[in-house]
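Some notes on the structure that comes next.
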Amino acid sequence: MSSRAPALRPPPVRVYYDGMDSAHPEAHGEIGPLFSPGEKRDPTHRFRSTLRSDDLIGRSPPMIELLRQLSLLAPLDVSVLLTGPSGTGKTHVARVMHASSPRAAVGNFVELSCANLPDNLVESELFGAAPGAHSTAVKAVEGKVFAARGGTLLFDEIAELSLPAQAKLLQLLQSREYYPLGASRPRAADVRVIAATNCDLKARVARREFREDLYYRLHVVPIRVPSLAERRDDIPELAQHFCARACVRHRLPPLRLSQWTLVTAQAASWPGNIRELANAVEAAVIRAAGEDAREVETRHLFPDREDRSESAGPLNYREALRRFQTQLVRGTLEDSNWNVAEAARRLALTRAHIYNLMQTLDISRP
């Protein structure tokens, strides 16, 4: 008598989430699956394995390149200049670099905002002051350099630093020593310097608004953080991540963005980049929870839109495709300042194709 072999059962699928797997108590119902064993291998995995980058969401080509650069530079003790539009997360990238470096075990990550920093406070803010050095220094005041000893010091909005303050920073980078205000002996400056700006520093050098010698000191390794318009493929994943985070932060029932809301968000223009998207999703989650909604809909994410009828979702595939194409093409054109050639490059289409889509979808510059 022949016995039949037992039917093979597929192995249990362990779905991975951003920074957590399905065994994590906060994973269920909050963040959508990013990849499973049956899907294509995550192209960022080998870079993330060397970084503490749980909150650097995305797998688009620009994010792969950013993660590649970070995995290479994080362990090295070199100055880094972070550039990119406002709201792209340069400060967070700097934190990831520090957390993924040997300095994380020794010192702190300290941030100094250079915007609106008066010249008469630069030395005290940076280097601290000895007792009696000025009227408010009743006791020793420790500056940012001392607070970051052994760690990382981020100069945010470095382009806003005045020329006298730039000279003091240059001296710090060259000598690796500094004098607290009123002190007679120098201190060693054991800090890694990271600078961040959304300005064109080279243009400021040409206008003599930024020191050329300091520029080259900071420009040892430049890293550009991409805008959200350059990584639209990451928007749905980012939006679901911010949705899950908002639910946890405000202790709300787990919510997700509906599929149509994700399509609409991906096609929308986000001039404020990740910061704007995160704030918009958090507000949308609160609105949806206030209505006891089961999902975050388009009307929650874009409450000021005139075409509220779209929030109900598409009637069929053809209508959904047309709406998606319209929003994607219009959003890309707006982000490109209606430069058809630039929009075509971003969408990997020809200029003729863009013109045909504009005619078919009735898109015109306002």
Going through (1) touching a residue at least 60 places away in the same chain (Cβ under 8 Å); (2) over 22 Å from Gly87 (Cβ atoms); (3) in contact with a Phe, Trp or Tyr (Cβ under 9 Å, 6 or more places away or on another chain) one by one, Ala188 fails only at (1)
When restricted to Ala105, Ala94, Ala115, Ala148, the only residue under 19 Å from the mean Cα position of the chain (by Cα) and small (Gly, Ala, Ser) is Ala94
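Listed here are the residues, each with its yes/no results for (1) open to solvent by 30 Å² or more (accessible area, probe 1.4 Å); (2) modelled with pLDDT of 95 or more.
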position: Ala196; (1), (2): no, yes
position: Lys202; (1), (2): yes, no
position: Leu218; (1), (2): no, no
position: Ser227; (1), (2): no, no
position: Gln240; (1), (2): no, yes
position: Arg249; (1), (2): yes, no
position: Pro254; (1), (2): yes, no
position: Thr264; (1), (2): no, no
position: Leu277; (1), (2): no, yes
Selection over the stretch 324-348 where residues are open to solvent by less than 60 Å² (accessible area, probe 1.4 Å), modelled with pLDDT under 90, more than 16 Å from Ala268 (Cα to Cα) and not charged (D, E, K, R) yields a count of 1
Open item on the list: For the structure I just gave you, tell me whether Glu310 is more than 28 Å from His241 (Cα to Cα), at pLDDT below 90 and either within 25 Å of the chain's Cα centre (by Cα) or part of a helix (DSSP H, G or I) (or both).
Closed with: no
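The values are calculated or read from the model by the stated rules, or taken from the named source; none is laboratory data. These numbers come from a predicted model, not from an experiment. With ideal geometry, Cβ positions are generated from the backbone for all residues, glycine too; neighbour counts draw on all protein chains shown. Accessible surface areas use protein heavy atoms only, side chains included; no ligands, DNA or RNA. Shrake-Rupley method; radii C 1.70, N 1.55, O 1.52, S 1.80 Å.
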